[in-house]
Structures are given as C-alpha cells and as structure tokens.
Amino acid sequence: MTPDNKWSSFKAGDLVEVWSDGVPRYSAQVDDHSEDGEMVWIIETRTAARRLLLRSDNVALYRLSA
C-alpha cells in the first residue's frame, strides 16, 4: 500500500488512514481540502475531532475508499 500524494484528488467523504513516522495513527473521513492540495481537513473516526493537516506535517494519507 502506498500513500496518496495527490491530496487535491480527495473528495469529501473519502475514508483515509493517517500515518505518522511509519505507523498508522487513526482513520478519518476527508471533510475538505485546499485547491492546491497543500491542506486537508479530516474528521477523526473515533473521536469526531476535526483536524487540519498540512503537507509540511510529518503525515501520510492512505485512501481506504475511492
């Protein structure tokens, strides 16, 4: 499985797994993203917390649904 590097291709409702330091941290639902794909808003599945992820953060997103 490889991370999805085109954050601009995510659609609201896509399910993703968020990895950091090579370890899966949590699953989430994509809420929104910037047009340039440098930022993506996600809603964490377990806690329903909304988070803003930046391309410069040490995270990788793995798409679980298309």
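Brief remarks on what is shown
- All positions within the range 6-24 that are of a type in the set (D, E, K, R) and surrounded by fewer than 17 Cβ atoms within 10 Å (Cβ to Cβ): LYS6, LYS11, ASP21
- Residue within the range 57-65 that is in a loop (DSSP other than H, G, I, E, B), loosely packed, with under 10 Cβ neighbours inside 10 Å and in contact with a helix residue (DSSP H, G or I) (Cβ under 9 Å, 6 or more places away or on another chain) present: no
- The range 25-42 residues that are farther than 12 Å from ARG63 by Cβ and surrounded by fewer than 18 Cβ atoms within 10 Å (Cβ to Cβ), paired with ones that are of a type in the set (Lys, Arg) and modelled with pLDDT of 95 or more (beta carbon under 8 Å, 6 or more apart): TYR26/ARG46; ASP31/ARG50; TRP41/ARG50; TRP41/ARG51
- Across the range 39-56, the number of residues qualifying as of a type outside the set (Lys, Arg) and modelled with pLDDT under 95 comes to 1.
- Screening MET1 on (1) touching a residue at least 60 places away in the same chain (Cβ under 8 Å); (2) in contact with a Gly (Cβ under 8 Å, 6 or more places away or on another chain); (3) of a type outside the set (Ser, Thr, Tyr) shows it passes everything except condition (2).
- Screening the range 43-66 for residues that are polar (S, T, N, Q) and free of Cβ contacts under 8 Å to residues at least 40 places away in the same chain and picking the one that is farthest from ASN5 (Cα to Cα) gives THR47.
The values are calculated or read from the model by the stated rules, or taken from the named source; none is laboratory data. Bear in mind that the values here come from a model prediction, so they are computed numbers and not experimental data. No Cβ is skipped: glycine too gets one built from the backbone with ideal geometry, and neighbour counts run over all protein chains shown.
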